[in-house]
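S.K.: I'd like to ask some things about the structure below.
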Amino acid sequence: MDSKQIIQAFDKLVLNPKCELEYETPYQLLVAVILSAQCTDKRVNIVTRELFKKFPTPNHMVNLTYDELGQMIYSCGFYNSKSKAIIDMSKDLLEKFSGQVPKNLDELMTLRGVGRKTANVLITEAFKGDAFAVDTHVARISSRLGLTKSENPNQIEEDLKKIFPQSSWSRLHYQFVLFGRYKCKAVKPDCLECPFQEICKYFKKKK
């Protein structure tokens, strides 16, 4: 399968790819993405519905201590590191960007707690730009379909960008994520009617 055929297959598999995190502002999306590390979007949404009622902006969030925020986000896991990342990121936003989330990838990555994947999600979702964020789902799908030989997220991103046209990056990112989340799971993927059987290393090995 070439890149066009892969895109066509994903367009049939995932008709309306979109972010499943709930948010109202770029800042809230940024917080939600930090919380989503090794946590389901469903759980993050449960937590942020209450969190954003009381602390919707960085001005509100910086008034919390790490322990106070940690108690509110406890069920998302890794609450100590996540509470520190969110509060430190909020302080950086206020000090460096007057509380506004920057639209530039390099500037986003100057925020404490914000890595390349998180920054790419903001570019894709909040600012409707072209980016290819690589999370565990994207990495798994890319490897199984033989689109990369690397396990390094930055290299995987570069490999995917070379294969697919820029106009497709953001859409494919969500298609990879949703396909990996609901069909091509890490354990017991649904291979029965998968259109990628001919190129999937997992399927060939299983077969």
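S.K.: Examine segment 145-167 for a residue that is of a type in the set (Asp, Glu), within 17 Å of residue 37 (Cα to Cα) and surrounded by fewer than 22 Cβ atoms within 10 Å (Cβ to Cβ), and state whether such a residue exists.
M.R.: no
S.K.: Also, quick follow-up: Search segment 180-198 for residues being among the hydrophobic types (A, V, I, L, M, F, W, C) and touching a residue at least 24 places away in the same chain (Cβ under 8 Å), and hand back the single one that is nearest to residue 2 (Cα to Cα).
M.R.: The qualifying residue nearest to residue 2 (Cα to Cα) is 196.
S.K.: In segment 134-154, what count of residues is obtained for those that are under 19 Å from residue 204 (Cα atoms) and either touching a residue at least 60 places away in the same chain (Cβ under 8 Å) or of a type in the set (A, V, I, L, M) (or both)?
M.R.: Counting residues in segment 134-154 that are under 19 Å from residue 204 (Cα atoms) and either touching a residue at least 60 places away in the same chain (Cβ under 8 Å) or of a type in the set (A, V, I, L, M) (or both) gives 4.
S.K.: Mind counting the residues in segment 52-68 that are in a helix (DSSP H, G or I) and either surrounded by 22 or more Cβ atoms within 10 Å (Cβ to Cβ) or hydroxyl-bearing (Ser, Thr, Tyr) (or both)?
M.R.: 3
S.K.: What's the total number of residues in segment 101-133 that are more than 16 Å from the chain's Cα centre (by Cα), without any contact (Cβ under 8 Å) to a residue 12 or more places away in the chain and outside any helix (DSSP H, G or I)?
M.R.: Of the residues in segment 101-133, 2 are more than 16 Å from the chain's Cα centre (by Cα), without any contact (Cβ under 8 Å) to a residue 12 or more places away in the chain and outside any helix (DSSP H, G or I).
S.K.: Further, regarding this structure: Scan segment 173-206 residue by residue and report those that are in contact with a Cys (Cβ under 8 Å, 6 or more places away or on another chain) and loosely packed, with under 15 Cβ neighbours inside 10 Å.
M.R.: Passing the criteria: 190, 197, 206.
Every read-out reported here was derived from the displayed coordinates using simple, explicitly stated rules and does not represent laboratory data. Predicted model only: the values in this text are computed from it and were never measured. Positions of Cβ are generated from backbone atoms using ideal geometry, with glycine treated the same way; all protein chains shown enter the neighbour counts.
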